[in-house]
Structures are given as structure tokens and as C-alpha cells.
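Data first, discussion second: the structure below is written as C-alpha cells.
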Number of protein chains: 2
Amino acid sequence: MTDGPPGDDRVVVALDVGGTGMKCALVRPDGSVLHAERHPTDAGRGPDAVVETVLAVAEGLADRARAAGSTPVACGVAVPGVVDEAAGVAVWSANVGFRDVPLRDLVGARLGLPAALGHDVRVGGIAEARLGAGRDARHVLFVAIGTGIAAAHVVAGSAAVGAHGAAGEIGHILVRPDGPRCGCGRPGCLEAVSSASAVARRYAELAGSAASAADVAGRAAAGEELAGRVWREAVEALADGLATGQALYDVDTMVIGGGLARAGGQLLDPLRAALRERMTFHREPRLVAAALGDEAGCLGAALLALDSLERR
Amino acid sequence: MTDGPPGDDRVVVALDVGGTGMKCALVRPDGSVLHAERHPTDAGRGPDAVVETVLAVAEGLADRARAAGSTPVACGVAVPGVVDEAAGVAVWSANVGFRDVPLRDLVGARLGLPAALGHDVRVGGIAEARLGAGRDARHVLFVAIGTGIAAAHVVAGSAAVGAHGAAGEIGHILVRPDGPRCGCGRPGCLEAVSSASAVARRYAELAGSAASAADVAGRAAAGEELAGRVWREAVEALADGLATGQALYDVDTMVIGGGLARAGGQLLDPLRAALRERMTFHREPRLVAAALGDEAGCLGAALLALDSLERR
């Protein structure tokens, strides 16, 4: 983390572009937020229109920073999907509609500032590892569980990107060979069993009536047998996935975020117990809830932009 | 890799200590081998006796180097199990009998040389990634398949160690929830289905007669139905394990080593096809056989020692 001089007036323009909305902020080098705002993505308009909104919002934030007497020094943008961070290209972001969009250079040119492009979960992991629930650990696995499941392996504050910008796809590891087919086309992926959408789908299938994953968690806690069974199945598969992550990565701390983590102790308590059962020779990681909520992506985008400044 | 001046007479004393034997060598900074020798480990004598043999063999190699006009500059030792590389301690090497042995400092003191201690598979991965089958790739996963299965994730020539020296334990990821119980105590680990010992055990179970994994591979190739089935089951589970590795690590190249890899195309051809089937959004890694054979651990121990010299 870059610490500026006393009276540091530098800020980073940060945007976390999701399928539904964009979380945007002006972030100081110490990670504190000077200003935050949200905008709809409205992905149905097509990628060109979304890019134009990203650029206009970023420009507006930089103007606002200057008007407030601050100096915008960089811009960080996070997007989902496959991201080539070295090239600054959004390779494939299905729910935003991006395909090979050189977003880093587009933003940099519009703002006249150094820019960085990151993967939403990886930068979220960076933020949780440096500023959030993993801040005391050197080896952190951040796992975001929502509509999908993805992870970021963060060591000493940097997230592993992989050879093709696709590292950390823990949602697509096999946990149930006889399980439901995943959106990716393969059977039994973790995401097809333990994501919020998978929990809701499974409950609807068995109960014949719709309920969100949060509803299922609540009903399970209230003693409803069917909800309890669906919740347990999801937690057991999730523990299998995390145990695989621990066998391969060997981290100190696992930070659980995303929508499903809002279930709090209803998720973490049984998950911790199930993970413990699965630890044989490996050391059990500390399992904690994410601390930064849905601001993690935006903060992480700012951290990534600051890191890129340091490397220039 | 450190390149010395022309006429460089420096050598590294390198030992790869396994449950059965020790592979030992004098290795030049360019990775070429000046001299190699092997000794029995004879682990049944207890850890103190094994340590004394390690020290005596290392000392003998250093003397031999000097007698040949070379200058021993460091010593690298590789052991199996859980290794704390930063502390230089063999935390737990079941088949050698080590428990919390500060082997790095013991060797360093006996030889009066800087020393490094590494994990056998991780240093083997370093050697394959820098000098062997992965030398053109930046992101390499080395997978050693023998009695057990373990991996080393090597990026830019360095192997990930993890928070507790236990990263890369791909043998203990869940692939078959209904599968056989693993030596680690959990059901369905990759090692319990696809290791050389698992293949031999499964064949004996079904055929009622003993055969090595190599025999099973040969009989499968010759068209024996039962052997074909056992081999296919092992290859399919291995492909599931490698697909999980690719989802989490996202590498360019997977290098397959260990005893089972001696089956060559009988293993790699069906494994490559099965892995390809499992690649959906992820990029397919190049799948190749290890190039350094059972010298990889010894070469890697030398590389690790050279790396530690550079950091001093």
C-alpha cells in the first residue's frame, strides 16, 4: 500500500463493472473512500454503449476529484470473466457483453491517466487480503459465492493471474461426478451444487416452490427439514471444494464473500466443521467472512491501479 | 540459472533423499552433472542414522569435488513429505522417518557451506520447469505419479511452497466421492484411484492376481479387457484431477513424471484426450512427459541451493 506524504491529496478513480451495476469510487492511497457512486450497467445496450458509460463515469469521477481539490493519479477498472491483466484486455465478460475490449488503454486515453484493468474477484481478493478479513495473513484464498463461485489466491498482497488470466476458477472444479450439469457444460462442478443459484434451484426442484438461497438458509435455521437437507448438501460440497483449494494452495486464511456469505454463521459454522473433517495431513486454514462487502471489487481496482503506478 | 565466468569450476553438492535410496550428484551452475552416485537410505535404521548418512555422503561429495579441482559452493538437499523451506526443516517425511529435522543447518554446519532444503516434488518441478520438459513455459504444473501423487506449481522458475510447506498436494483432492479410501484417511482422493499403487491394487482386486501398474498398462495396450477398464478408470480420474489443477492454477504446460509416466503414450495419449473433453472455458494446457527422469529431484536441489546463494 502506498502511503503518501501528510496532506496527501491523491485519489484513484475506481470502477467495478458488473452485469447489473457499476460500483464506482474515488479512493485514497490508504484505502479510504473519498466518494462513492453507483450506476446501472444496462448490459442489454451492447458492449460499445457499456464502454462509453464506463469512460463517461470515470471522467466524471476525475472531474469531481479535481473540483474537491484532490488530484486523480490513476484509474482502476474491474470486470468479470476472463481478463488479461498484462495486456489490459477484457477477454470475455459474458454478463457484461465484453469480448476482447482493450479497456485499460481506452480508459487511460480518455482520462489522460495511468490505468489498470483487473478481474473482479481477483481484485476483490487483493482488497480483502490487504485491507479486509485477510489483512493479518500472507497466504489468502478469497472465495466469492454468489450466482457463480470464483476464487482469488493472494500471496503477499498479489493475486495469481495464471497463464491466460483464468486462475482461481474454483467454481469449475469437480466435486460431484453424479451431480447436476454446470453452466460450463460439465457435470458436478462446485458452482452447480453450492452457488446461491444452485441452492435456490435445488430447493425449487425438491419443494416445488421457489425460494432464494437466503430463504433456504433461513428456513434451514428454523428447522425446515427439506431446506436443511438442501443447505447441508451445498455446505458439504463447498467444504470439498475448499479442501481441494487447501490441498493445492496451502493458505493461512480463507475469506468467504459474495451473496451467500451474507448467511453469516449459518454458512460459516457448518462449513468450518465440514472443512475440519476433511483436513488430514494439511493444516486447517482460518475460515472467515469477508469484511469489505460489495465494495471489495472497487477498492481492489484502486489498489491494482496504485500497484501499477509503483511499477512504472 | 546462474552462469559463472568461463572456466567456472563451481559445483553444488546435491542430494535427493527418498524412502528407499538417495540420488546424489555434483552439479555445475549450468545444470550439467559432474558426478553422480546413489546410496541406500535404509530408513529402518531410524532418523538419526539416516541424517548421519546424508551428512557423510554430502561431505564425501564435497571432498570428491575438491579432489577433482572443483570448488563446492553450496549444498542442496531434497526430502519428501512436509518441508519448511524457509526454516530449512524436514517437518514430516513419513517414509524416511524424519520429524522436525533441521537438515539445512545440519548439512551447512558439517560442510561449512551455504545449504538449502527443499521438497522432492517441488524441486523436481523446478528442474523440469527450468531445464526439462517445461523449459519454454512460464507457468508449469509438474505432477509426479508413483506410489503417491503430488504436484509442484512453478511460475517463472519458482515453486509455490504455501503457508505451511504443503502446497501442491494434488494427490489428496477429491475426485471420486464414492471411491476407495486413501492412505490419508479420506475417501476418493486422486491418489487412491490413479497412483501406480492404486492401479495395481484395483487390478488385483478385480483380477484376483497381482500385477504392477506397468503390467496393467501393457495388458491394456495388448487388449486385455479388465486391464483396459482399470487403466481407463485411472486415466479418467487423473484427467479430473488435472482439470481441477488447471481451473485453479491456469498453467501453460503440465509435465507428467514419476513411475506411471514411464507408460509414455499409453498414459499421455488417453490422458490428453480426457483432459481436452474437460476443458470448457479454460485454456487447454500442453501435456508432456517429464524429461529428466529420476534425476529431477537431485538437479532441483542443486538449483534451489544456487537460488539461495543469489539471495544471500
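Counting only DSSP beta bridges with both residues in the protein assembly as shown, tell me the antiparallel percent, nearest 5. Don't skip to the answer; put the middle values down first.
Details: 60 of 102 bridges.
Antiparallel bridges: around 60 percent, rounded to the nearest 5.
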(message) Using a label point 7 Å beyond Cα on the Cα-Cβ vector, give me the inter-copy distances for B:Asp63 in nanometres, one decimal, shortest first.
(response) 8.2
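Please report A:His35, B:His153, B:His164 as a ranked list, fewest other C-beta atoms within 10 angstrom at the top and most at the bottom. Kindly include the intermediate steps, with their values, before the conclusion.
On the way: A:His35 14, B:His153 28, B:His164 17.
The fewest-first ordering by Cβ neighbours comes to A:His35, B:His164, B:His153.
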(request) Starting from a label point 7 Å past Cα on the Cβ side, list the distances from B:Asp215 to the same position in the other copies, nm, shortest first. (result) 6.0
(request) For the stretch A:113-213, state which trypsin sites (Lys or Arg not before Pro) are in a DSSP loop and have at most 16 other beta carbons lying within 10 Å of their beta carbon. (result) A:Arg135, A:Arg138
(request) Just rank A:Val154, A:Val96, fewest to most, by other beta-carbon atoms within 10 angstrom. (result) A:Val96, A:Val154
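By its C-alpha gyration tensor, with a ≥ b ≥ c as the square roots of the eigenvalues, how is the protein assembly as shown shaped: rounded for a/c under 1.5, else prolate for a/b larger than b/c, else oblate? Please list the in-between numbers first.
Numbers: a/c = 2.05, a/b = 1.36, b/c = 1.51.
Cα axes put the protein assembly as shown in the oblate bin.
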(request) Report the full-extension gain for the segment A:Asp30 to A:Arg99: residue separation times 0.36 nm, less the Cα-Cα distance, to one decimal in nm. (result) 21.5 nm
(message) Run the helix sum for chain A: -39,500 (n - 2.57) per DSSP H stretch of 4+ residues, divided by residue count, reported at 222 nm to the nearest 500 deg cm²/dmol.
(response) -12500 deg cm²/dmol
(request) Could you list the residues of the stretch A:7-45 with an amide nitrogen less than 11 Å from a label point located 7 Å from the Cα of A:Ala67 in the Cα-to-C-beta direction? (result) none
(request) Would you mind getting me the FRET efficiency between A:Leu206 and A:His39? Use the beta-carbon distance for r and R0 = 41 Å, nearest 0.05. (result) 0.60
(request) Could you list A:Val91, B:Val11 in order of exposure, starting from the residue whose Cβ has the fewest other Cβ atoms within 10 Å? (result) A:Val91, B:Val11
(message) Let's test the formula: R0 of 41 Å, r as the Cβ-Cβ distance of B:Arg232 and B:Ala56. What FRET efficiency results, to the nearest 0.05?
(response) 0.30
(request) Give the Cα extents of chain A along the principal axes, in whole Å, largest first. (result) 58, 43, 37
(message) With N set to the number of residues, divide the alpha-carbon radius of gyration of the stretch B:136-290 by 2.2 N^0.38 Å and report two decimals.
(response) 1.00
(message) How much of the DSSP bridge set in the stretch B:136-290 is antiparallel, in percent, rounded to the nearest 5?
(response) 55 percent
(request) Shortest first and in nm with one decimal, please list how far the B:Asp136 label point sits from its counterparts in the other copies (point 7 Å along Cα→Cβ). (result) 4.8
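Any read-out appearing in this document is the output of simple, stated calculations on the displayed coordinates, not a laboratory observation. Worth saying up front: this structure is predicted, and the values here are computed from it rather than measured. Quick reminder, even Gly has a Cβ in these numbers, built from the backbone with ideal geometry, and neighbours come from all protein chains shown.
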